[in-house]
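Inspection log for the structure reproduced underneath, given as structure tokens.
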Amino acid sequence: MKTDVYSNNDTLIESLRNGDESAYTYLIDTYHHRLCVYANSLVKNIYSAEDIVQNVFIKVWEQRTRLKSDHAIKSFLYKLVYNEFIDLYRKNQSLFSLEKSYYEALNGIIQEEDPESFQRVINAVNKEIQNLPPKCKEVFILSKKEGLTNIEIAEHLDVSIKTVEAQITKAFSLLRSSLEEKVKSVLFLLFGKRKFFNSFNS
């Protein structure tokens, strides 16, 4: 089947519903760049924009059997990108509030105790990271120390993005359960700022 037949909206949707990988390739080739441009206009960050678009294409493929013939595929894709942006915005707003509180906790530790105190916090976290289950530790380090996105980790390890997310969540849960209260208070800040992990020994 020639790819130009996919320019017909109904044919494209029906082919996607049937699991036609050529139709999926056509979809990506046709819309990837323009969706990235649109996403970037929303988030003002090309890397976040690419992640958003990648997530959209993954969702389209995973939920392809739910596509309806009355969907205008172009409008549908743009709507999905916008929805991803809204989800990201809401998440970041929540994280911003949390991050502020952890900055305050960190400042408290630095101001109240000697400079070596924070290094002990880092050492304690690093020790527990090394005690994580092998796959969990690998994903966590790739994400929080190496700074790879979930998509990059999934491609690197040949696993699903959901698996990556699950392993990061598991790592966070295990670390929280194994560390002292004082150390827990700065976990979020440590997780979110790669510069602190640069001082960790691998």
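The values are calculated or read from the model by the stated rules, or taken from the named source; none is laboratory data. In this text the structure is predicted, and so the values were computed from the model without any measurement. All Cβ positions, even for glycine, are placed from backbone atoms using ideal geometry, and neighbour counts span all protein chains on display. Side chains are part of the model used for accessible areas, which takes the heavy atoms of the whole protein and leaves out ligands, DNA and RNA. Shrake-Rupley method; radii C 1.70, N 1.55, O 1.52, S 1.80 Å.
Couple of notes before you dig in:
- Some residue of region 30-48 being open to solvent by less than 50 Å² (accessible area, probe 1.4 Å) and farther than 21 Å from Y89 by Cα: yes
- Test for I86: is it in a helix (DSSP H, G or I) and either closer than 25 Å to S7 by Cβ or modelled with pLDDT of 85 or more (or both): no
- For region 26-41, a residue qualifies if it is more than 23 Å from the chain's Cα centre (by Cα) and either β-branched (V, I, T) or not assigned by the TED database to the domain that holds V81 (or both), and exactly one does: T30.
- Filtered by the rule that a residue be among the hydroxyl-bearing types (S, T, Y) and either at pLDDT below 85 or in contact with a Lys or Arg (Cβ under 7 Å, 6 or more places away or on another chain) (or both), region 161-178 gives T169, S173, S177, S178.
- Residue count for region 143-160, restricted to those that are assigned to a helix (DSSP H, G or I), over 16 Å from V125 (Cα atoms) and at pLDDT below 85: 1.
- Selection status of I122, at pLDDT 75 or above and either surrounded by 14 or more Cβ atoms within 10 Å (Cβ to Cβ) or closer than 23 Å to E50 by Cβ (or both): no
- Qualifying positions in region 49-88 - more than 21 Å from Y26 (Cβ to Cβ) and surrounded by fewer than 17 Cβ atoms within 10 Å (Cβ to Cβ): Y82, N83, I86, D87
- Count of region 3-25 residues which are within 27 Å of the chain's Cα centre (by Cα) and under 15 Å from L80 (Cβ atoms): 2
- Boolean, N107 is more than 30 Å from I58 (Cβ to Cβ), open to solvent by 50 Å² or more (accessible area, probe 1.4 Å) and modelled with pLDDT of 80 or more: no
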